Amino acid sequence: MTTSTESTKSLFDRLRDLVGPRGQVRLRSHRWFTVLLLGASVLLVAGHYTFGEWIFHPKVALWRESAFWWDCCKLVSWPVCFWLFWTMASLGKITSAPVILVAAAIIGLGDWVWYSVSEYLRDRGIGISPDYWDWWTSWAQAVAIGGNVILAIRWFRLFRFYSIQPAGKEIVPQRLSWLKAGLESAVLLLGIGVWLLILVHVGLPQLKANGWTLVEGREWLVRGALKEDFDFLAARGGSQWRRYRLAALLDNLKLADLQRHQFYANLDEPTYQNYILSPQIDVLPLPELDWRLALWEYFHPRVCHLNAPGAAAHIVVRLLRERVGIEPTFGSDAGVLTIWREGFTDEKGFDRIYVAALRSVGIAARLDDKARAEIWNGTNWESAPRPLITSFCNPKVIESN
Amino acid sequence: MKTASERSGLKETDFSFCFPGVFSRRVRYCIPLLLLVGIIAVMVWAKGSGPFKRIELSLKTADGGAVNCLVVLPKPVGKHPVVIYLQGVGGSLLGSGNELRQFAELGLAAVGLEYDQTNQSVFDGQFTALYQYLQQQSWAQSNATAWVGVSLGAQRTLTFAVRHPELQPQLLVRLGGGGVKELDEQFDVQSSQAKHSTLNTKYQTSNGSGQLTLPDAPKPFAAGKSQLTNWIHCSVLLVHGEQDEVFPVADVRRLAEWLRSQGVVVEAHILPGLSHGFGEDREVVMRAVAEYCAARLALPDYTDHLIGCQLNLADRERFNQAMQRAGQRRRELWQAVTAAREPERDTMMNVIGGLEDYDLAHISAAQLKKLVYNAWRARRKYPWCRDTPMKIFERFVANPRTYEEPLEDWSAAYGPTLSRVVKYCHTTSEASDAVWQWMRVRAMEHPTSEMEQPKILSLIRGDCKDFSVAFTGLARTEGLPVRPAWTFWPTIGNDHYWNEVWSVEERRWHAFDTSALNRSYDDAHWMTWVPKSVIQVPTGERGAWNAVADQRWESLTNSIGLFYPSGHVLVRVLDDGKLASGRRVGVQVWLGNGMGGKQADSIKFWEPEVFTIAAAITDQKGEARLVLGQSAEQPYRIFLDARGEPDWQWLAVRSNRTYTLTLETGNHKPFDIKATPPQLSWLKDEIHETR
């Protein structure tokens, strides 16, 4: 009966049992001993702070600086705050002061080791990086987190015992069969494999394009037939891709490939790569390479039924003019995505985004020597259709009475 | 074999066994309710996240009738110019959605009306009711209105405008419209008064369309001119298809000419190959009309609803212009504004007002907020930022842009480190030096290696421009008001970048050659080592980011007068003997033939060439003002920037003197680039004296 009653006790009842009859918290450690430990921790932390400030500002008279004392006060309050937090969270059941002292001692010891290493390297004539002490600033935070993790584990064990473990119930260890163990291992391995694949296919494209992600992306995320195009894109964009996630490059590659044969049955590879695949249209102070998805989503559904580049270009320029106005006060250095989002550009910019829109649907396009859009009709380059209206605000363009 | 319901002990009629057994009955009943709440929440969210706000309303007219209207407002909702759109014959309010959306996309409040298509008098009552409604709306700028009518809608609006001249809009746009009876009558009255009538009018009102045959312009209706101007006093835009089968294009041409002869501002556009309804190009036409309306009407005012906004009128105008340019990104920028409190909000609005087009299109609300809040954190914390004038603070601390570098989160990358670097600094000098030292040490550590991270540190290994950009970004992170500076050395034939820091102690800009690794903040004597012609610095306004590359010098500020012996130049431009405004005057320095070339044992040898280094636009008085550094070995070439062989003059500049030049547009003066320019050895001694 007792066991049954114990097992039905709520967590609140168990917490109440920890508290004494008059509500006071039972402290295990002696009060003065705790004060001593905390005092030592505060001193160690203050020493660490002073050491750090001296390292960074050796020529500054720290004791004269109010900023030094203010930050020192803030920092030394951390050990006390940690102690208060864990004491209250555990209702006095966890003695956190020794852990805090050990953490503070480790921080102090680390200071000594880090400084000794720098002195040793200096004596040996080995230069240290200017970021050497910047890296060191993370050490104290790491130790503080470690100490708190230890205290959190203790807290978790303490309350799991009271809340889950029914009194008097004997735990019988279960015997694991080989078959079950093998199956579980296989499931574990498969699970890890699945997670790794998900990580590669979902996580990797979200990373910024750099040397490593480009190599790994090519290995894991690009089909064999597209590897050459991937290399072309990576080489053409060069360091400009580093501003983008890998996904932007992959989108560009896949969407261009999707449109490869819509308008041209046999398009040679250089024309495809230079005038459909490439997101670079002309030289800009701040190139924008990630426009293809936005334009493809808008234009492709409207021309997906067509096979003639000229007819499709007519539709593209009309749709484009519906979305993008031509206004001379907008600078000509805007990239394709900027133009698309602002909805305005000048005449030069309009031809730039026009070429981009044509490329996004799979029409080989480029700017001619007058910076006007032209398209590849399968045999030669011809001028792309012009928009019906440039602007009603510009009387030069349309017949005006 | 027991069924699922039997196993669970429930009756067959109780479908709750479908739910997992762990759910109690109460929880089970809650699930559909939760689903319903979820669906409603998603619908509300979807409606809220749409780009437009739709208002459907029914207005009562004076004669007791009713008219349905649809208002499409762009988000964010401010105080917008209003476009009243009237569809043609057979059109409906619901069918006008695309057109209304096109207007709203450009920041206009678009209003559609389900008007009476058979009776003009009923229409007048409906339109008056709409007019009165718009006068009372907080989102409508009642003094910036356009009426856009298509076909019958155009007929109706023109008739209404003639009948009610006191209610006319600022802009009347007629698409595929013809003449109207009221104008004919007016014309007849005038004609009889003038006894000079040649107007032959045929008008059919049965189906709302008609033909107006107007006399060949110009016609001498001087007697009726003032009367008609009283009737139509707004600008009129006529757009017509060349192949219009309802209203012949010749009628529209004659109407335009006739209106123009009566003093009305008219623009007429005949679109080649298009029919009455404009066919497939209808949306393009509507977009162009929307652009025309947006350009001619006032800007939307987004600051009107902001409580406690302290911005002055000029700053509000800047902000509204930036919001108008931002297009699709308006809502993102607005999100940042509404999420901020004063005084950060005013700063954010001023920052947005000066953002480059690239930044308007790419910066996120979170980035903006972080940028401005970090700037204000620095302003509250550091003395060198606290006493900086607000204009300088907003343009050179909170602004994310230096030149054409990518938008990077400088404060996240280097803020904590640099806070520590400047922790014990008390003056602008100390803080600038501390940041420069930090950058310098790292630049020396990695002089050539290529860094993987595409952030600021990758700039600290390039040329002087990269150093200047890097210092600007790093220093602004810690609240130092910094701007980059570009100069041209005429004797060396090279340019150079450095920085200017606003010194709160000196209350002026302080030149700091941050790209040189051996010149600290207080090392000022380098300024006069090499002769300089100009020092061009950004203004903090839009367009400055690539002004140096594009040689748009008038978009920059020339600060040479602050640091180097300089003279003032006043250039007057004459056009047919009269002072001409809006003319661009350029300044060039001439290099070659021994200047800084092989004869001077210079490292670089420049082929004979002229470089444009400054420019200014003449003001209303036809005057342009320039400040130029003391001439070194060659005079400046001051020229009129025009086609052909425009007028130009040599000018040798001495320190603290003012020169006046006159250039004439009609004066053609060839310039031989290979001719040797005058030598100015007399200035060398003065330069040495100033060191």
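The values are calculated or read from the model by the stated rules, or taken from the named source; none is laboratory data. Just so it is clear, the model here is predicted, and its values are computed rather than measured. Heads up, the Cβs are rebuilt from the backbone with ideal geometry, glycines too, and the neighbour counts pull from every protein chain shown. Remember, those area values only see protein heavy atoms, side chains included, never the ligands or the DNA or RNA. Shrake-Rupley method; radii C 1.70, N 1.55, O 1.52, S 1.80 Å.
Scanning the stretch B:542-560 for residues that are modelled with pLDDT under 90 and small (G, A, S) turns up B:G543, B:A544, B:A547, B:A549, B:S555. For the stretch B:443-458, the count of residues that are at pLDDT 90 or above, surrounded by 17 or more Cβ atoms within 10 Å (Cβ to Cβ) and within 15 Å of B:R476 (Cβ to Cβ) is zero. Against the conditions (1) over 21 Å from B:M439 (Cβ atoms); (2) surrounded by 17 or more Cβ atoms within 10 Å (Cβ to Cβ), B:M527 satisfies every one except (1). Return the residues of the stretch B:259-276 that are open to solvent by less than 10 Å² (accessible area, probe 1.4 Å) and out of contact with any strand residue (DSSP E or B) (no Cβ under 7 Å at 6 or more places or on another chain); say none if nothing qualifies. Within the stretch B:259-276, just B:Q262 meets the criteria.
Residues that are within 11 Å of chain A (Cβ to nearest Cβ), outside any helix (DSSP H, G or I) and under 18 Å from B:V89 (Cβ atoms) within the stretch B:243-288 comprise B:L274, B:F278, listed in sequence order. Taking every residue in the stretch B:29-54 that is within 18 Å of B:Q328 (Cβ to Cβ) and free of Cβ contacts under 8 Å to residues at least 60 places away in the same chain and pairing it with any residue that is open to solvent by less than 100 Å² (accessible area, probe 1.4 Å) and charged (D, E, K, R), at least 6 positions away or on another chain, the pairs with Cβ-Cβ distances below 8 Å are B:G50/B:K75; B:F52/B:K75; B:F52/B:R101; B:K53/B:K75.
Of all residues in the stretch A:177-225, those satisfying the criterion of being basic (K, R) and under 27 Å from A:L246 (Cβ atoms) are A:K208, A:R218, A:R223.
This table checks each residue for (1) surrounded by 24 or more Cβ atoms within 10 Å (Cβ to Cβ); (2) modelled with pLDDT under 90.
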site	(1), (2)
B:M323	yes, no
B:A326	yes, no
B:E344	no, no
B:P389	no, no
B:V397	yes, no
B:T417	no, yes
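Please verify whether the stretch A:279-296 includes one or more residues that are farther than 30 Å from A:E347 by Cβ and of a type outside the set (S, T, Y). No, the stretch A:279-296 contains no residue that is farther than 30 Å from A:E347 by Cβ and of a type outside the set (S, T, Y). Going by the structure shown, is A:H314 open to solvent by 50 Å² or more (accessible area, probe 1.4 Å) and within 14 Å of another protein chain (Cβ to nearest Cβ)? For A:H314, the condition - open to solvent by 50 Å² or more (accessible area, probe 1.4 Å) and within 14 Å of another protein chain (Cβ to nearest Cβ) - is met. Where helices (runs of 4 or more DSSP H) fall entirely within the stretch A:1-80, those with at least 1 residues that are open to solvent by 100 Å² or more (accessible area, probe 1.4 Å) and either modelled with pLDDT of 55 or more or within 29 Å of A:G147 (Cα to Cα) (or both) are at A:11-18, A:31-56. The residues in the stretch B:539-565 that are out of contact with any helix residue (DSSP H, G or I) (no Cβ under 6 Å at 6 or more places or on another chain), within 14 Å of chain A (Cβ to nearest Cβ) and open to solvent by 10 Å² or more (accessible area, probe 1.4 Å) can be counted, and the count is 8.
Name the single residue that is farthest from the chain's Cα centre (by Cα) among those in the stretch A:341-359 being open to solvent by 20 Å² or more (accessible area, probe 1.4 Å) and not basic (K, R). If we take residues in the stretch A:341-359 being open to solvent by 20 Å² or more (accessible area, probe 1.4 Å) and not basic (K, R), then A:E347 is farthest from the chain's Cα centre (by Cα). Mind telling me which of the residues A:P130, A:P205 ends up being in contact with a helix residue (DSSP H, G or I) (Cβ under 6 Å, 6 or more places away or on another chain), open to solvent by less than 70 Å² (accessible area, probe 1.4 Å), at pLDDT below 90 and not aromatic (F, W, Y)? Exactly one of A:P130, A:P205 is in contact with a helix residue (DSSP H, G or I) (Cβ under 6 Å, 6 or more places away or on another chain), open to solvent by less than 70 Å² (accessible area, probe 1.4 Å), at pLDDT below 90 and not aromatic (F, W, Y), namely A:P130. Taking the stated definitions as given, is B:C293 part of a helix (DSSP H, G or I), in contact (Cβ under 8 Å) with a residue 40 or more places away in the chain and either open to solvent by less than 30 Å² (accessible area, probe 1.4 Å) or under 30 Å from B:G90 (Cβ atoms) (or both)? Against the criterion (part of a helix (DSSP H, G or I), in contact (Cβ under 8 Å) with a residue 40 or more places away in the chain and either open to solvent by less than 30 Å² (accessible area, probe 1.4 Å) or under 30 Å from B:G90 (Cβ atoms) (or both)), B:C293 qualifies. Of all residue pairs spaced 6 or more apart or on separate chains, those with beta-carbon atoms under 7 Å, a first member in the stretch A:52-78 that is farther than 21 Å from A:W135 by Cα and within 12 Å of chain B (Cβ to nearest Cβ) and a second member that is open to solvent by 80 Å² or more (accessible area, probe 1.4 Å) and assigned to a helix (DSSP H, G or I) are A:L62/A:W54.
For the stretch B:296-319, filtered to residues that are hydrophobic (A, V, I, L, M, F, W, C) and in a helix (DSSP H, G or I), the residue that is nearest to the other protein chains (Cβ to nearest Cβ) is B:F319. Can you confirm whether the stretch A:342-351 contains a residue that is more than 9 Å from chain B (Cβ to nearest Cβ) and among the aromatic types (F, W, Y)? Checking the stretch A:342-351: at least one residue is more than 9 Å from chain B (Cβ to nearest Cβ) and among the aromatic types (F, W, Y). Is there a residue being of a type outside the set (K, R), open to solvent by 60 Å² or more (accessible area, probe 1.4 Å) and over 19 Å from the mean Cα position of the chain (by Cα) anywhere in the stretch A:251-262? Yes, the stretch A:251-262 contains a residue that is of a type outside the set (K, R), open to solvent by 60 Å² or more (accessible area, probe 1.4 Å) and over 19 Å from the mean Cα position of the chain (by Cα). When restricted to residues that are within 19 Å of B:R401 (Cα to Cα) and among the β-branched types (V, I, T), the stretch B:488-516 contains 2. Considering A:L246, A:L267, A:L284, the condition of being away from chain B (no Cβ under 14 Å) and either surrounded by 14 or more Cβ atoms within 10 Å (Cβ to Cβ) or closer than 21 Å to A:K208 by Cβ (or both) is satisfied by A:L267 alone. In this structure, does B:K369 turn out to be away from chain A (no Cβ under 12 Å), surrounded by fewer than 20 Cβ atoms within 10 Å (Cβ to Cβ) and touching a residue at least 24 places away in the same chain (Cβ under 8 Å)? Here the answer is yes, as B:K369 does meet what is asked.
Here B:A322 fits the description: closer than 20 Å to B:R395 by Cα and within 11 Å of chain A (Cβ to nearest Cβ). As a summary of the residue check, B:M286 satisfies the conditions (1) buried (at least 22 other Cβ atoms within 10 Å of the Cβ); (2) at pLDDT below 90 except for the one numbered (2). Restricting attention to the stretch B:81-108, the residues that are surrounded by fewer than 21 Cβ atoms within 10 Å (Cβ to Cβ), over 25 Å from the mean Cα position of the chain (by Cα) and part of a helix (DSSP H, G or I) add up to 4.
May I ask you to verify whether A:R318 is touching a residue at least 60 places away in the same chain (Cβ under 8 Å) and over 25 Å from A:L249 (Cβ atoms)? It is true that A:R318 is touching a residue at least 60 places away in the same chain (Cβ under 8 Å) and over 25 Å from A:L249 (Cβ atoms). Screening A:R366 on (1) more than 14 Å from every other protein chain (Cβ to nearest Cβ); (2) open to solvent by less than 40 Å² (accessible area, probe 1.4 Å); (3) of a type in the set (K, R) shows it passes everything except condition (2). For the criterion of being more than 26 Å from B:A547 (Cβ to Cβ) and within 34 Å of the chain's Cα centre (by Cα), B:N399 fails.
Helices (runs of 4 or more DSSP H) fully within the stretch B:335-386 that include at least 3 residues being of a type in the set (D, E, K, R): B:344-353, B:365-381.
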